[in-house]
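Read the structure below first, then the notes.
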Amino acid sequence: MDAAKSASSNANWTASVDPVTKLLLILFFTLAAFCAQNLVEAGIVLVFTLALVFALPTKKSLWAMTAFSLFIIVTMVVIQGLFWPSNQTVAFHLGTIDFYQEGLKHALLLGSRILVIIFSTSFFIETTTLSENSRYLEKSGLSFKQVYVLMSVCYILPQMHRNLQKIRFAQKARGIQPAKSLWSKAKTLMPVLVPLIVKSFQEAMNRSISLQLRGFDSPVRRVPKSDRTYWQDRACHRLLAALSLVLVGVKIWEIICK
Amino acid sequence: MGNHLQVAFDQVNLNYAGFDELALKKLTLHSEINKVGLIGPSHAGKSTLLYLLAGVLDQVIPTEKSGTIALDGQDLVNWLASKQIGLVLQDPASQLSGMADTVFDEIAFGLYNQGLEEAEIEKRVQAVAQKLDLEDFLDQAPTALSGGQIQRLAIASIIALKPDLLLLDDPTSQMDPLGRQHFFAWLKESDCPVIIASSEIDDLAEVCDQLWVLEDGELQMAGKPADIFMKFANDQEIAKPAAFLMGEKMGCKFDGHYPVTADELMKAAAYGNHD
Amino acid sequence: MEAKNENHSMWKFRLTAATMTLIPAAVGINYVAKAFAEGLKLPVWLGSLGTFLASMLAGPVAGAISGFINNIIYGLTLSPISTVYCLTSIGIGLAVGILYEKGYFDKASKVLPAALVIALVSAVISTPLNVIFWGGQTGIAWGDALFAYMTAHHVSIWIASFADEFVLDLLDKVIVAYLAYLIYKQMPKRLVFFFKGNR
Amino acid sequence: MEITIKNLQYSYPGSPFSLNLPEYVFAPGLTTLIGQNGAGKSTLLKAVAGLIDFDGEIDFDGENLQDFLAKGRLTKIGYTFQDPNDQLFNSTVYKEVAWGLEQLKMPEDEVEKRTISTLDKLGLTEFKGLNPYDLSLSDKKLLTLATVLALDPAIYLFDEPLMCLDYPSRQLVSQLFNELINEGKTIIMICHDMDWVAEMGSRICVMAGGQVAYDGLPRGFFENEQLLKENGLLPPRVYQLSKMLNMATPCLSLAEIQ
């Protein structure tokens with residue numbers, strides 16, 4: 001969900017896939033990655049998600065997320081490669097340290113699962129907007145209250161970050177300045193968090209009052225029409241849900257007969 | 001909404017849950033509501049009175065209440081059930097719905113809840129935006145507006161509902177002088193019954209036909225601005241409009257009292273009796 | 001407050017207009033407190049401060065929902081992997097709510113044992129997730145160093161991963177618990193009654 | 001204390017607005033910054049308080065800003081913000097005022113004496129033991145003023161000190177300001193209440209687009225209709241009324257009327 005304004009750039013097919021299908025895609029690919037037992041199967045699932053990523057109009061959030069998890073995958077490869085309990089056959093030596101085949105394979109399998117999750121999630125992040133999601137969720141049956149509880153945090157976050165900046169200025173003017181030492185940093189926690197949290201809850205109370213007076217839960221509420229049309233959204237939901245169930249069955253079967 | 005709303009408070013006592021001192025004490029008042037100004041020092045109970053009439057107290061904010069309140073002869077709760085109330089809070093930023101992408105959505109939010117048709121919503125939003133000169137902000141995100149503009153947006157989104165009673169809690173505190181002048185000019189023309197709490201005493205004197213003076217939760221007096229200011233002429237707690245203070249200093253009256261509005265001052269200075 | 005014994009009242013939860021705006025505010029506090037702690041480079045996340053306060057104000061279910069939504073939205077906007085830890089956040093929300101009802105947040109001396117229990121709950125739920133996803137690591141450098149050291153000495157992955165997670169959780173939850181305790185004490189009375197009054 | 005500004009430059013990243021003040025001197029006494037939203041008033045105040053790092057120089061009686069604040073800011077500059085909720089974080093009204101004094105490692109009895117006298121001066125003594133957040137907005141505003149007055153700094157910076165004050169508190173603040181001016185303090189404040197500016201009658205600095213549009217006494221500005229319209233401001237109420245009465249020289253405030 002990038003910024004609130006609708007991303008008009010995604011004129012290609014990704015725009016005609018509805019948000020719920022994209023969420024189910026994440027579920028489906030994650031389950032598929034977990035059913036993969038060896039690197040070949042995992043590779044196939046990874047290729048599918050890579051195809052999704054290549055269809056993305058913009059890739060800005062993708063690199064940040066991938067970079068962070070690549071760092072973790074590398075440490076995993078090192079630790080699993082060296083210390084995984086069921087290591088037997090040595091793959092190669094690095095000076096006096098020897099890496100084992102089973103550990104490396106296990107680490108790569110885990111790593112591929114993480115990348116699958118990241119790619120499929122970024123497909124959702126890059127091609128949906130906040131308003132499209134909230135309107136679609138309400139249109140497909142959720143009550144305004146439920147959509148509000150899920151989505152409104154994204155709308156109020158900018159205001160909360162602004163409050164944080166204003167409070168930090170105000171406290172800096174009162175001489176609260178985080179120096180290098182840990183203790184001086186810890187001392188700035190309360191002077192900033194107390195005003196910030198009290199203000200956040202105060203705003204939440206006012207919002208609750210004003211929403212009630214504007215009839216947010218009135219039975220005659222009409223959902224604002226959204227100008228987006230989606231390709232067979234109901235059918236996609238049923239298909240993906242069914243496939244996900246099948247995969248869950250496969251995974252349970254694997255665990256039982258292992 | 002042409003005829004004026006009648007309100008009847010009888011021995012209303014009220015305190016917030018967890019606080020033992022009374023926020024409203026033995027409030028008794030039978031009056032007509034056309035354009036009422038609420039004045040008095042802070043902590044006087046002005047906001048409490050507005051929240052009470054808006055139906056927020058008890059149902060939303062836990063309070064203990066006694067005494068009766070009637071609007072147009074109906075008990076407050078029944079009246080509210082069949083009517084649309086409009087309340088603008090003191091802090092504009094937290095008045096926004098928290099789920100609107102554009103200023104247009106924010107104003108239209110209440111209208112969608114009333115189940116109106118798309119065309120009717122479009123018409124009303126444009127009309128209200130024009131009244132509070134927000135037309136060229138309609139497709140901007142609400143969070144991009146300044147404090148004064150958000151206050152106008154909050155007012156616009158309440159007026160769009162065509163309320164049967166409009167309650168305003170210090171609605172112009174963050175507006176610049178021109179914005180405030182524009183708002184009070186609109187308020188003077190509006191035909192909806194209004195109760196407005198504000199510290200802009202000059203504008204209240206121009207717009208309101210009645211003032212209620214509250215202090216420490218007690219109604220000191222309710223009446224026409226001229227009578228109020230004459231009674232509290234040397235009470236340091238109550239602000240007086242500039243026209244009144246000038247009339248007093250220049251010693252010219254207008255039919256028995258110091259002038260309250262600009263044109264009363266003009267008439268008083270022109271041929272009024274200089275005492 | 002209702003009598004302590006009919007504890008079904010603690011679990012009674014309705015999505016009212018008050019909890020509807022409280023939960024997003026709590027999730028927002030999780031976000032902003034986490035950003036603030038990262039800005040100060042403190043060795044703690046503070047990412048569950050909002051969940052703590054939601055549980056204290058509106059009960060365990062509200063806290064659990066705040067925690068759940070926090071990770072889902074965080075996962076669908078910033079870091080997809082943290083979606084999974086919504087299970088941990090649900091556990092934290094429930095634990096804080098129950099401990100608060102039992103009076104563990106009434107006195108400063110009781111906050112420490114409460115924080116230990118919450119850290120334990122968080123570590124117990126996170127460990128299987130860490131093993132499934134990260135092969136037992138947590139992604140935090142000095143925690144993982146401990147994990148590597150222990151696995152090198154043939155300690156079982158589960159124990160090593162639990163130790164890795166618990167060491168991090170302990171510090172974070174103790175600090176967050178005391179912050180929540182102090183901040184809750186300073187909340188304006190009218191605010192507390194507004195959110196509590198509806199329960 | 002005289003504050004001299006030499007080619008002060010500052011602009012927010014990513015916004016067209018930029019503050020530039022080639023030369024300006026704040027003399028002891030009251031100077032009021034007037035102007036529309038976004039004219040640069042708050043930015044200038046933050047620069048003088050050393051809260052933002054700007055280009056150019058600001059000297060305090062010859063000493064540059066860094067050295068001036070080097071030995072601690074609390075006894076040098078007192079700053080209050082528009083929203084009192086951004087500054088309050090202690091558990092009681094008494095502690096809120098005493099907190100600043102304690103940072104100065106002042107002896108206990110001195111802290112108590114000063115705190116009590118400041119609370120008395122602002123009529124807040126009866127709220128001594130209360131939680132600051134349970135006060136009314138007007139009293140919270142007076143409390144932020146108290147936290148600054150107790151420290152008795154050389155320079156006072158106020159951002160909209162009158163906003164949300166009720167009438168009695170406004171009278172109290174006017175009286176306090178006059179006392180501070182008589183003590184020879186240097187006060188810079190932001191205000192959009194033209195009646196109060198006319199009453200105080202001291203120097204005003206009208207800002208527009210990050211530059212000084214007018215600098216001098218209020219009469220020169222309020223009589224210049226062109227400048228007023230450009231800055232979207234209105235003259236004080238008394239001035240409007242006395243012009244309506246087509247007085248020879250229209251009065252600015254009540255004091256001038258015979």
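The values are calculated or read from the model by the stated rules, or taken from the named source; none is laboratory data. Source: prediction; values computed, not measured. Neighbour counts run over all protein chains shown; Cβ positions are idealised from the backbone, glycine included. Quick note on the areas: whole protein, heavy atoms, side chains included, nothing else; ligands and nucleic acids left out. Shrake-Rupley method; radii C 1.70, N 1.55, O 1.52, S 1.80 Å.
Considering only residues in the range B:31-68 that are polar (S, T, N, Q) and not in a strand (DSSP E or B), the one that is farthest from B:TYR16 (Cα to Cα) turns out to be B:ASN34.
Does at least one position in the range B:128-140 carry a residue that is open to solvent by less than 10 Å² (accessible area, probe 1.4 Å) and either of a type in the set (S, T, N, Q) or modelled with pLDDT of 95 or more (or both)? No, every residue in the range B:128-140 fails to be open to solvent by less than 10 Å² (accessible area, probe 1.4 Å) and either of a type in the set (S, T, N, Q) or modelled with pLDDT of 95 or more (or both).
Of all residues in the range D:24-38, those satisfying the criterion of being assigned to a strand (DSSP E or B) and more than 11 Å from D:ILE204 (Cα to Cα) are D:TYR24, D:VAL25, D:GLY29. For the range A:177-199, a residue qualifies if it is assigned to a helix (DSSP H, G or I) and open to solvent by 50 Å² or more (accessible area, probe 1.4 Å), and the qualifying residues are A:LEU182, A:TRP183, A:LYS187.
The residues listed here are B:SER173, B:SER97; of these, the one that is hydroxyl-bearing (Ser, Thr, Tyr) and outside the structural domain of B:TYR51 (by TED's automatic domain parsing) is B:SER97. For the range A:131-151, the condition of being under 24 Å from A:TRP63 (Cα atoms) and at the interface with chain C (Cβ under 10 Å from one of its Cβ atoms) holds for at least one residue. Against the numbered list (1) out of contact with any Pro (no Cβ under 7 Å at 6 or more places or on another chain); (2) open to solvent by less than 30 Å² (accessible area, probe 1.4 Å), B:ALA17 comes up short only at (1). For the range B:72-109, taking the residues that are open to solvent by 10 Å² or more (accessible area, probe 1.4 Å) and aromatic (Phe, Trp, Tyr), the one that is farthest from B:LEU38 (Cα to Cα) is identified as B:PHE104. Can you find even one residue in the range C:30-49 that is more than 16 Å from C:ILE175 (Cα to Cα) and away from chain A (no Cβ under 12 Å)? Checked the range C:30-49: no residue is more than 16 Å from C:ILE175 (Cα to Cα) and away from chain A (no Cβ under 12 Å).
Of the residues examined, D:THR80 is not one that is in contact (Cβ under 8 Å) with a residue 12 or more places away in the chain, away from chain A (no Cβ under 11 Å), hydroxyl-bearing (Ser, Thr, Tyr) and on the phi < 0 side of the Ramachandran plot. Selection of the range C:45-77 for residues being in contact with a Cys (Cβ under 6 Å, 6 or more places away or on another chain) and hydrophobic (A, V, I, L, M, F, W, C) yields C:PHE68, C:ILE72. Within the range A:214-241, residues that are within 14 Å of chain B (Cβ to nearest Cβ) and farther than 20 Å from B:GLU118 by Cβ reach partners that are at pLDDT 85 or above and open to solvent by less than 40 Å² (accessible area, probe 1.4 Å) with beta carbons closer than 8 Å, at six or more positions or on different chains, in the pairs A:ASP217/A:PHE144; A:ASP217/C:ALA17. If you go through the range D:43-58 one residue at a time, do you hit one that is of a type in the set (Ser, Thr, Tyr), in a helix (DSSP H, G or I) and within 26 Å of D:PRO218 (Cβ to Cβ)? The answer is yes, given that some residue of the range D:43-58 is of a type in the set (Ser, Thr, Tyr), in a helix (DSSP H, G or I) and within 26 Å of D:PRO218 (Cβ to Cβ). When A:LEU94, A:LEU56, A:LEU70 are checked against the criterion of being in contact with a helix residue (DSSP H, G or I) (Cβ under 8 Å, 6 or more places away or on another chain) and either on the phi < 0 side of the Ramachandran plot or buried (at least 19 other Cβ atoms within 10 Å of the Cβ) (or both), a single residue qualifies: A:LEU56.
Taken together, C:ILE157, C:ILE132, C:ILE175, C:ILE140 contain a single residue that is in contact (Cβ under 8 Å) with a residue 60 or more places away in the chain and within 11 Å of another protein chain (Cβ to nearest Cβ), which is C:ILE175. In summary, strands (runs of 3 or more DSSP E) completely within the range D:131-229 and bearing 3 or more residues that are away from every other protein chain (no Cβ under 13 Å) occur at D:186-190, D:203-208, D:211-216.
For the range C:81-97, a residue qualifies if it is surrounded by 24 or more Cβ atoms within 10 Å (Cβ to Cβ) and either farther than 12 Å from C:SER126 by Cβ or within 10 Å of chain A (Cβ to nearest Cβ) (or both), and the qualifying residues are C:GLY93, C:ALA95, C:VAL96, C:GLY97.
Which residue out of C:PHE166, C:PHE195 is open to solvent by less than 40 Å² (accessible area, probe 1.4 Å) and aromatic (Phe, Trp, Tyr)? C:PHE195 is the lone residue from the list that is open to solvent by less than 40 Å² (accessible area, probe 1.4 Å) and aromatic (Phe, Trp, Tyr). Considered as a group, the residues in the range D:80-117 that are at pLDDT below 95 and of a type in the set (Phe, Trp, Tyr) include one that is farthest from D:MET163 (Cα to Cα), and that residue is D:TRP99. Would a scan of the range A:105-120 turn up a residue that is open to solvent by less than 20 Å² (accessible area, probe 1.4 Å) and in contact with a Pro (Cβ under 6 Å, 6 or more places away or on another chain)? So far as the range A:105-120 goes, yes, one or more of its residues are open to solvent by less than 20 Å² (accessible area, probe 1.4 Å) and in contact with a Pro (Cβ under 6 Å, 6 or more places away or on another chain). Scanning the range D:38-49 for residues that are at the interface with chain A (Cβ under 9 Å from one of its Cβ atoms) and either at pLDDT below 90 or open to solvent by 20 Å² or more (accessible area, probe 1.4 Å) (or both) yields one hit, D:LYS46. Scanning the range C:143-154 for residues that are within 10 Å of another protein chain (Cβ to nearest Cβ) and open to solvent by 50 Å² or more (accessible area, probe 1.4 Å) yields C:ALA145, C:TYR149, C:HIS153, C:HIS154.
In the range C:64-74, the count of residues that are within 14 Å of chain A (Cβ to nearest Cβ), within 17 Å of C:ILE132 (Cβ to Cβ) and touching a residue at least 24 places away in the same chain (Cβ under 8 Å) is zero. All of C:THR16, C:THR77, C:THR21 fail the test of being without any contact (Cβ under 8 Å) to a residue 12 or more places away in the chain and surrounded by fewer than 24 Cβ atoms within 10 Å (Cβ to Cβ), apart from C:THR77.
The one condition from (1) in contact (Cβ under 8 Å) with a residue 24 or more places away in the chain; (2) out of contact with any Leu (no Cβ under 6 Å at 6 or more places or on another chain); (3) among the charged types (D, E, K, R) that B:LYS65 does not meet is (2). Looking at D:GLY72, D:GLY100 in this structure, which one is touching a Leu at 6+ places or on another chain (Cβ under 8 Å), assigned to a loop (DSSP other than H, G, I, E, B) and under 21 Å from A:ARG174 (Cα atoms)? Unique residue meeting the criteria: D:GLY72. Among the residues making up the range A:165-176, a single one is surrounded by fewer than 21 Cβ atoms within 10 Å (Cβ to Cβ), of a type in the set (A, V, I, L, M, F, W, C) and facing another protein chain (nearest Cβ under 7 Å): A:PHE169. Whether a residue is out of contact with any helix residue (DSSP H, G or I) (no Cβ under 8 Å at 6 or more places or on another chain), assigned to a helix (DSSP H, G or I) and open to solvent by 20 Å² or more (accessible area, probe 1.4 Å) was assessed, and C:LEU112 does not pass this test.
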